[in-house]
Amino acid sequence: MSAADTCGWHETLARDLRTIARYDHSVAIPELGTLFRFEPGTALGRAQRRTAEIYGVPFAYPSTNGTTPLNVLALLTLLRPSDTVLIGRDAHVSVLAPLIHLGLRPVYLTPGYAADLGVPLQITPAQLRAALDAHPEVRAVVLTYPNYFGVAGDLAGCAAVARERGVPLIVDSTHGAHLAFQPDSPDLPPPAERSEAAIVTQSQHKTCGALGQASLALINDPGLIERFYEVVNGTGFVSTSFSSVILASLFESIWRLHREGAALIAERLAMVAWAREAINRIPGLRSFDATDRREGFAAFDPLRLTINVAASGQTGFAVERALQSCGHYPEFATLDTVLCLVTLGTAWEELRGLVRALAAIVAAPPGARVRRPVPRLAAMPPQPRQLLSPREVFYSQRRRRVAVGEAVGGISAETIATYPPGSALIVAGEEVTSEVLDFLREARAQGATLKGASDPDLTTILLVDRD
Ligand SMILES: Cc1ncc(COP(=O)(O)O)c(C=O)c1O
């Protein structure tokens, strides 16, 4: 490479940075506003107001660090130390973090699993009602809606159950920020913020085209706003140097979807309908849709293109690797499936390329394929008993690493999840059982990533002893 080439790279970089920097205003400019109080007269305050109007809620709080801290702030707003909280077992780790901060007592609810589709379902109102009957001490409910695969439960039904019992509902709708822009569409799940959830969190950076880490908390209960800001100011989860660039992209993505979202989404829905049909014509592949609805699957976001490869004789992991080798990078794979997200930026040619690549991968001669391992994963292991709280585990000095063969009966210091089922199979503080270990080892052998395991191969595991 010549010096001129090198210089060219630097010039390009500097030019791009200068363009971006024009929006990176200092937090010292008072007219711009702040994340630490609501100031209706500032640019940020006006943008918050407009955003709340667009989403149809009383208040909107933006994040420049994704939905992760918003989930923490939401739980800290509604709960007090040692409270009991009911959490869907498919929750993101950010929902589990406040269990440590506040020493909360978790009651977990595990969503069902659709073995024929290869994807997890969602918590049903009947499941929620039974859990609240069994645990009248619950002070808040946290649900994820829709899940990673676009499967949406009966959120209105769950919200009604929570309301009956007078328990506030928090919805992690990370994957549902775009639903508001076609709110009455029979082709998309109803937006979470239309339910009576007290707080809904969403990642606009995932589905609305905003820059990475641009997210929103939508607050349906105005009585929570003051406490929410108290938590923002008191807990240190929001940077005092929050990024104006990310905020600008967040609001710009919302204004754009407000203007053109219905058309943009309709176009992507047509594209993905074509792709789904084409994929379903390829022998060995299946991509489910809303017609597969059932208990725990009330509505569907078709922009989540799950390709079940089980009948092709290959694993989702193998098909994902083959796709990557021809330039297609799926969101992730499971034993049975490959998940591709169709976003506002997806072009027709990319979708056609994906379909062509999939057809070629499954048509490869059997000798050239990575075969599906036998035996298949056993049934889901039962949820282990909770012996210590996540906070007790977190602060315990009595930790030891043991070979997994010696771990049965011990208390896990780790929270480990995998796909399937997408839910944590063991949470810190729970008893290590042979069923959980067998399941995790089998999943690992078949190519799954063990999310949260400190030893990625699970030859050892961290245990904690009672004090
Ligand atoms: C259900 C769920 N909640 C929360 C998050 C965290 O969101 P963010 O990446 O915006 O921090 C994720 C990330 O994938 C998620 O899947």
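Do we find that A266 is under 30 Å from S312 (Cα atoms), in the same structural domain as F297 (by TED's automatic domain parsing) and either away from the ligand (no atom under 14 Å from the Cβ) or hydrophobic (A, V, I, L, M, F, W, C) (or both) in this structure?
no
Taking L179 and the conditions (1) buried (at least 24 other Cβ atoms within 10 Å of the Cβ); (2) hydrophobic (A, V, I, L, M, F, W, C); (3) over 18 Å from the mean Cα position of the chain (by Cα), which numbered condition does it fall short on, given that it satisfies the others?
Result: L179 fails condition (3) only.
Test of understanding: among S396, S389, S423, which residue is polar (S, T, N, Q) and modelled with pLDDT under 85?
S423
Could you please give the count of residues in segment 30-43 that are aliphatic (A, V, I, L, M), away from the ligand (no atom under 16 Å from the Cβ) and touching a residue at least 24 places away in the same chain (Cβ under 8 Å)?
1
Can you list the helices (runs of 4 or more DSSP H) found entirely within segment 145-253 that contain at least 3 residues being within 16 Å of the ligand (Cβ to nearest atom)?
204-207
Of the residues that make up segment 283-299, is at least one farther than 25 Å from L121 by Cα, surrounded by fewer than 20 Cβ atoms within 10 Å (Cβ to Cβ) and hydroxyl-bearing (S, T, Y)?
No, the conditions are met nowhere in segment 283-299.
Scan segment 109-144 for residues that are within 21 Å of T334 (Cβ to Cβ) and either within 16 Å of the ligand (Cβ to nearest atom) or touching a strand residue (DSSP E or B) at 6+ places or on another chain (Cβ under 9 Å) (or both) and report the count.
14
Tell me, yes or no, whether segment 44-66 has at least one residue that is within 16 Å of the ligand (Cβ to nearest atom), under 30 Å from D292 (Cα atoms) and at pLDDT 95 or above.
The answer is no; no qualifying residue exists.
Among the residues of segment 311-368, what is the count of those that are charged (D, E, K, R) and more than 26 Å from the chain's Cα centre (by Cα)?
Total satisfying the criteria: 3.
The values are calculated or read from the model by the stated rules, or taken from the named source; none is laboratory data. Given the structure is predicted, the values throughout are model-derived calculations rather than measurements. For neighbour counting, all protein chains shown are included, and Cβ atoms are generated from backbone atoms with ideal geometry for every residue, glycine included.
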